[in-house]
1. Going down the table (204/237; 35/95; 150/230), which pairs top 24 Å between alpha carbons?
2. Between rounded, prolate and oblate, where does the range 105-206 land on the alpha carbon gyration tensor, with a ≥ b ≥ c its root eigenvalues, rounded for a/c under 1.5, else prolate if a/b exceeds b/c?
3. For the range 39-198, build the convex hull from the C-alpha positions and give me its volume per residue in Å³.
4. Considering the zone a paramagnetic label at residue 191 would reach in this model (a point 7 Å from Cα along the Cα-to-Cβ line), which residues of the range 146-164 have amide N under 11 Å from it?
5. Under 25 °C and 0.890 mPa s, how fast does the range 180-260 diffuse according to Stokes-Einstein, given a Kirkwood radius computed over C-alpha pairs? Answer in µm²/s, whole number.
6. Which chymotrypsin sites (Phe, Trp or Tyr not before Pro) does the range 37-145 hold that lie in a coil by DSSP with at most 13 other beta carbons within 10 Å?
7. Can you list the aspartates and glutamates whose alpha carbon is less than 15 Å from that of residue 208, not counting same-chain residues fewer than 8 positions off?
8. Calculate one ³J(HN,Hα) per residue across the range 190-203 by plugging θ = phi - 60° into the Karplus curve 6.51 cos²θ - 1.76 cosθ + 1.60, and present them in order as whole Hz with x for glycine and proline.
Amino acid sequence: KQWYQRRVAITAGDSQNSKLGISMPILTLAHDFTKYFDNSEFAHKATIYANSLTAVCCGVLLASQSSIFEEKLFAGESDILLERFCYDGCEDGIKECLASLHGANLEISVRNIDVILKFSAYYNIEQLFGLGLKWIRETMSPRNIYRLDKVISFIDAGSYKDLLQETLDLYIINNTTDVCNEILHSLQQEEHVSHNLVNMVLSKGTPKGGAILAKWTFLSVENMKFILEKHPNFNLKKLFEDTTDFINFIRVFTSKNDVLGIDSMKQIIELQNSYYVSYPSVPVSASTSTSELKGPSVSPKTDATSENQERTRKSSPTRSERSTKKKKVPTATLR
């Protein structure tokens, strides 16, 4: 009865508005759902499994927001296992993501941001990913670089990964000192820092880079091998302005010769050469003569030099003269 009364009122309004020449807006939807009803194979009801989570969802709503889900549902796949989300602790985040696809409000925090970014990127849910990316950019801090770096390593290559990598790279550039201090502190506590993060920071020749590189390298043999392979990407001169620091850094590698193997020795030599080959020449000090640096030179005063050599030769006894003097016996007097 209430519905009928509302419908009568709306109809009366439409009739009145039509007389006044006012056009009423037509309800529009973000997606055209009609294509899902024309296919008899489409799974209108989908059951999602993620580790210990089981969630029954509307196939139309999933397909309209995710091309990955759409492909599965058009194939009649009603039971969908989220293969990449079979680890403990992801269930709450996945449930909140699925609820948001059905119109629920999504409260983003450090508790669920990892799952939101991973889930939306993997299943190509642009709107959900955009919300997560916006939250990351607005709340980014030196401590959050590890969280974002883990998400980047999880996501496959593509536009989503590029956007997150660009966000992290830009933050490091604009907050270099704070990021370096944070990484150095983590390394002192022997916390894990990924290859990707170290490569990003050190490739920019950042301050305290030498200390970061030395501590990170010392933590594992895998880190040493990574540095030996990637060292051309680093500005070693800027990272190790003091030669002594670089020498101590090399000792870290030589102390692990038995573990690194013979093949790594060639890379260690290449690492040293990359530092020393273009090292600036030693400045001439006051106590160093020019002749010592340039080697022997020919004096233009040849005549004077020859005259001095001749005078020295004449004043010195010859070998025959020295021999005669040695053989001379004093004359004895007979009494």
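1. Values: 204/237 12 Å; 35/95 27 Å; 150/230 20 Å.
Pairs exceeding 24 Å: 35/95.
2. Since a/c reaches 1.5 and a/b is larger than b/c, the shape of the range 105-206 is classed as prolate.
3. Expressed per residue, the convex hull around the Cα atoms of the range 39-198 is 110 Å³.
4. 146-147
5. So the translational diffusion coefficient is about 194 µm²/s.
6. Of the chymotrypsin sites (Phe, Trp or Tyr not before Pro), the ones in loops of the range 37-145 whose Cβ has at most 13 other Cβ atoms within 10 Å are 37, 87.
7. Candidates past the 8-residue exclusion: 178, 182, 241, 242, 245.
8. Couplings: 6, 7, 6, 10, 6, 4, 4, 5, 4, 4, 5, 6, 6, 5 Hz.
Taken together, the values in this text are just the output of simple stated rules run on the coordinates, not laboratory data. What you are looking at is a predicted structure, and each value in this text was computed from that prediction instead of being measured. Note: ideal-geometry Cβ built from the backbone for every residue, glycine included; neighbour counts use all protein chains shown.
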